[in-house]
Amino acid sequence: MRDWEFFRRLSILENTSGNHFYSFSIFTTIQLKMKNVIITGTSRGIGYELALQFANQGHQVLAISRKTPQELIENQNITCLSVDLSVEEELSVVAEFLTSTWKKVDIIIHNAGSLLHKPFSQTTQTDFENVYKVNVFGVANLTRVALPYLSKGSHVVSISSMGGIQGSMKFAGLSAYSSSKGAVITLSELLAEEYKEQGIAFNVLALGAVQTEMLAEAFPGYEAPISAREMADYISNFALTGNQLYNGKILQVSSSTP
């Protein structure tokens, strides 16, 4: 982990009689603790924007996705691993990286998601399993792999959906997706309780509609009120500071329905 030092110059102008101005400068050294951040689903959308935001701030990013964008590969602060989260065995490369390189994880953002828009009568067990393998089992498995490297102050953020919130408006055709997002909410609440003595925080952000490729594929023609970059900005700030105030909480992040 690195510290980033920079100087801030503060000029103070003092008005005296005769309207003469005298200025002097105060230089302060600010140390920002750089974080080791794991982000899943970084090939596009929110995950892609998150990886770039953290990296451009000087943090070290482990970007996990099946496909790897060239811009992430070329960023010196990003390590890209091609991993299919639905296949538990593929997470061994993550374990190897953490053991040999980082040895500490400050933030995990479980952003990867599988969205199926299909009538329930046509949704098979295989459909449910494929969605749950990414949205639930992938979250559980990656957390378990990273657990030995989490410590007091670490923050695990799971990206859920308003569709997974009890009592929220539900939409036809999302039985597999929304139920999986409800499952990851309960999982996070349980982990927050189980690991609270170690000082590891687990929180959930339940998002409303965000303009991403995944949304466009599932709901062609629908335009969400917020962009992937705007949502990534909110998530990154929450990941860095939210654990100071929250643990085991579900925050609804939505300005519209859906």
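Value of Rg to Rh for the chain, rounded to two decimals, is 1.07; Kirkwood radius and Rg both from alpha-carbon coordinates. Treating each Cα of region 116-258 as an identical point scatterer and summing with the Debye formula, the log10 of I(q)/I(0) at q = 0.19, 0.20 Å⁻¹ comes to -1.20, -1.29.
Only Cα pairs under 8 Å and at least 6 apart count here; give the relative contact order of the chain as a rounded whole percent.
Across the chain, relative contact order equals 17 percent.
Using a simple charge model, +1 on the beta-carbon of Lys and Arg, -1 on the beta-carbon of Asp and Glu, nothing else, what dipole does the chain show about its Cα centre, in debye to the nearest 20? Present the calculation step by step, with values, prior to reporting the outcome.
Numbers: 19 positive and 23 negative charges, 78 e Å.
Charge dipole, the chain, about its Cα centre: 380 debye, nearest 20.
A simple spin-label model places pseudo-atoms 7 Å from Cα toward Cβ; at GLN125 and SER227 they are separated by 4.5 nm.
Amide H to amide H distances under 5 Å link HIS110 with VAL157, SER158, ILE159, where only residues 5 or more positions off or on other chains count and H is placed in the peptide plane. Of PHE54, PHE137, PHE171, the residue with the greatest mean-square motion in the GNM of the chain, using alpha carbon springs below 10 Å, is PHE171. Ligands, DNA and RNA are left out, and with a 1.4 angstrom probe the accessible area of the chain is 53 Å² per residue.
Only helices enter this figure: runs of n ≥ 4 DSSP H residues, each worth -39500 (n - 2.57), summed and divided by the residues of the chain, yield -9000 deg cm²/dmol at 222 nm to the nearest 500.
Normalized C-alpha radius of gyration of region 106-195, against 2.2 N^0.38 Å?
1.15
The portion of the accessible surface of region 119-258 made up by carbon and sulfur, rounded to a whole percent, is 55 (1.4 Å probe; DNA, RNA and ligands excluded).
Show me the three semi-axes of the equivalent ellipsoid for region 21-163, from the C-alpha gyration tensor (sqrt of 5 times each eigenvalue), largest first, rounded to whole Å.
On the way: eigenvalues 231, 65, 42 Å².
In descending order the semi-axes read 34, 18, 14 Å.
The values are calculated or read from the model by the stated rules, or taken from the named source; none is laboratory data. Owing to the predicted nature of the structure, the values given are computational and were not obtained by experimental measurement. All Cβ positions, even for glycine, are placed from backbone atoms using ideal geometry, and neighbour counts span all protein chains on display. Just the protein is used for accessible areas: all its heavy atoms, side chains included, with ligands, DNA and RNA removed. Shrake-Rupley method; radii C 1.70, N 1.55, O 1.52, S 1.80 Å.
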